[in-house]
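J.: Dropping a structure here in C-alpha cells format, bear with me for questions.
The values are calculated or read from the model by the stated rules, or taken from the named source; none is laboratory data. Being a predicted model, the structure only gives us computed values, none of them experimental. Methodologically, a virtual Cβ is constructed for each residue, glycine included, from the backbone with ideal geometry; neighbour enumeration extends over all protein chains shown.
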Amino acid sequence: MTGYAAIEAARDLKKQLAEKGAPTGSQILVASATPQPRLEGKVRSAFGAHFVEAEVDTDLGHVRISKYVAVHDCGRIMNPLTATSQIQGAAVQGIGMALHENLLYDSRNGQPLTPGYYFDRIPTHRDAPPIEVTFIENDDGYGPWGAKSIGESGIILSPGAVGNAIFNAIGRRMKDLPITRDKILGALA
C-alpha cells in the first residue's frame, strides 16, 4: 500500500528537480506523499487463505504443525523470493502467536503483567513446518506496477488456521490464544 506513496514522492522530486535544478552543497530536496491513493469509491484489498495440517498428542497436549499452505492474492508479485519469504516468516510468527506467546494484562487497569515476550517460547527454524506459498497474481490497477499489500496478510490468517486444524484434530474449539497443552488437555478431559 505504501509503494504508491514512494512513486508519488519520486514524481514530486522529479518535478522539483525540473523546476529548481539539482541541489548543491548541503541543500536537499524533500518530497512527501500519502500512502493512500485516491480510489474514487473503490475498495483495494489483498486476499489470502491458509491451510494447516496439525498433529495433536491427546495424552500430552503437544501440537506439531506438519504442513502449512498459504495462498495469497497480492496483485503483481515483483520479487517472488522476498514475497514468499514475507509470507513464510509471517506464518511462523502466527504459529508462535497461536501456540506459545502469551502477554497477560491486569483486567482492572489494562497494564501489562508480563514485561514482554522474554519468557515465552517463540518458534525457531526447527519448529517451522514446510510452508508452501502460492500467489494468485492479478494487476491491481492502483498499486505500483499492479502490486497490492503483502505486509500483514501472512500473519493475520495464521492463528485461525492453526486453531481450525487443532479443532479438526481433537473435535474441541479453542477460543483463547495461545492454545497451550493445558488448554488442550482441559478441553479433552
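J.: Among the residues of region 46-69, is any touching a Lys or Arg at 6+ places or on another chain (Cβ under 6 Å), under 30 Å from ASP140 (Cβ atoms) and surrounded by 14 or more Cβ atoms within 10 Å (Cβ to Cβ)?
T.: Checking region 46-69: at least one residue is touching a Lys or Arg at 6+ places or on another chain (Cβ under 6 Å), under 30 Å from ASP140 (Cβ atoms) and surrounded by 14 or more Cβ atoms within 10 Å (Cβ to Cβ).
J.: Select from region 8-34 the residues that are in contact with a Leu (Cβ under 8 Å, 6 or more places away or on another chain), surrounded by 12 or more Cβ atoms within 10 Å (Cβ to Cβ) and assigned to a helix (DSSP H, G or I) and list them in ascending order.
T.: Result: LEU13, GLN16, LEU17.
J.: Does GLY94 meet the test of being at positive phi and either touching a helix residue (DSSP H, G or I) at 6+ places or on another chain (Cβ under 9 Å) or assigned by TED's automatic domain parsing to the domain that holds VAL56 (or both)? If you could, list the steps in order and put the result at the bottom.
T.: On the way: at positive phi: no; either touching a helix residue (DSSP H, G or I) at 6+ places or on another chain (Cβ under 9 Å) or assigned by TED's automatic domain parsing to the domain that holds VAL56 (or both): yes.
Taking the combined requirement at face value, the residue does not satisfy it.
J.: If you go through region 70-82 one residue at a time, how many are in a helix (DSSP H, G or I) and either surrounded by 20 or more Cβ atoms within 10 Å (Cβ to Cβ) or touching an Asp or Glu at 6+ places or on another chain (Cβ under 8 Å) (or both)?
T.: Residues of region 70-82 in a helix (DSSP H, G or I): 80-82.
Checking which are either surrounded by 20 or more Cβ atoms within 10 Å (Cβ to Cβ) or touching an Asp or Glu at 6+ places or on another chain (Cβ under 8 Å) (or both) leaves us with none.
Within region 70-82, residues that are in a helix (DSSP H, G or I) and either surrounded by 20 or more Cβ atoms within 10 Å (Cβ to Cβ) or touching an Asp or Glu at 6+ places or on another chain (Cβ under 8 Å) (or both) number 0.
J.: Moving to a separate point now. Confirm whether THR124 is in the same structural domain as LYS67 (by TED's automatic domain parsing), hydroxyl-bearing (Ser, Thr, Tyr), without any contact (Cβ under 8 Å) to a residue 24 or more places away in the chain and surrounded by 12 or more Cβ atoms within 10 Å (Cβ to Cβ).
T.: Details: in the same structural domain as LYS67 (by TED's automatic domain parsing): yes; hydroxyl-bearing (Ser, Thr, Tyr): yes; without any contact (Cβ under 8 Å) to a residue 24 or more places away in the chain: yes; surrounded by 12 or more Cβ atoms within 10 Å (Cβ to Cβ): no.
Considered against the rule, which asks whether it is in the same structural domain as LYS67 (by TED's automatic domain parsing), hydroxyl-bearing (Ser, Thr, Tyr), without any contact (Cβ under 8 Å) to a residue 24 or more places away in the chain and surrounded by 12 or more Cβ atoms within 10 Å (Cβ to Cβ), THR124 comes out as no.
J.: Then there is this: Across region 153-189, which residue is nearest to ASP120 (Cα to Cα) among those that are small (Gly, Ala, Ser) and more than 22 Å from the chain's Cα centre (by Cα)? Explain how you work it out, then say what you get.
T.: Here is the first cut: in region 153-189, the residues small (Gly, Ala, Ser) are 153-154, 158, 160-161, 163, 165, 169, 171, 186-187, 189.
Retained after the next criterion (residues that are more than 22 Å from the chain's Cα centre (by Cα)): 169, 171, 186-187, 189.
Details: ALA169: 25, GLY171: 27, GLY186: 21, ALA187: 22, ALA189: 25 Å.
This residue is GLY186.
J.: Let me ask something else about it. Which one of these is at pLDDT 95 or above, over 12 Å from ILE95 (Cα atoms) and in the same structural domain as GLY61 (by TED's automatic domain parsing): ALA169, ALA165, ALA161?
T.: Values: ALA165 fails: over 12 Å from ILE95 (Cα atoms); ALA161 fails: over 12 Å from ILE95 (Cα atoms).
Result of the check over ALA169, ALA165, ALA161: ALA169.
J.: If we scan region 103-118, do we find a residue that is buried (at least 20 other Cβ atoms within 10 Å of the Cβ) and in contact (Cβ under 8 Å) with a residue 12 or more places away in the chain?
T.: In the first step, residues of region 103-118 are kept if they are buried (at least 20 other Cβ atoms within 10 Å of the Cβ); the result is none.
No: zero hits.
J.: Taking ILE95 as meeting all but one of (1) in a strand (DSSP E or B); (2) buried (at least 16 other Cβ atoms within 10 Å of the Cβ), write down the number of the exception.
T.: With respect to (1) in a strand (DSSP E or B); (2) buried (at least 16 other Cβ atoms within 10 Å of the Cβ), ILE95 is out only on (1).
J.: Shifting gears a bit: Could you please give the count of residues in region 127-165 that are over 25 Å from MET78 (Cα atoms) and surrounded by 20 or more Cβ atoms within 10 Å (Cβ to Cβ)?
T.: Narrowing region 127-165 to residues over 25 Å from MET78 (Cα atoms): 127-129, 159-165.
Still in the list and also surrounded by 20 or more Cβ atoms within 10 Å (Cβ to Cβ): 159, 161-163, 165.
Residues in region 127-165 being over 25 Å from MET78 (Cα atoms) and surrounded by 20 or more Cβ atoms within 10 Å (Cβ to Cβ): 5 in total.
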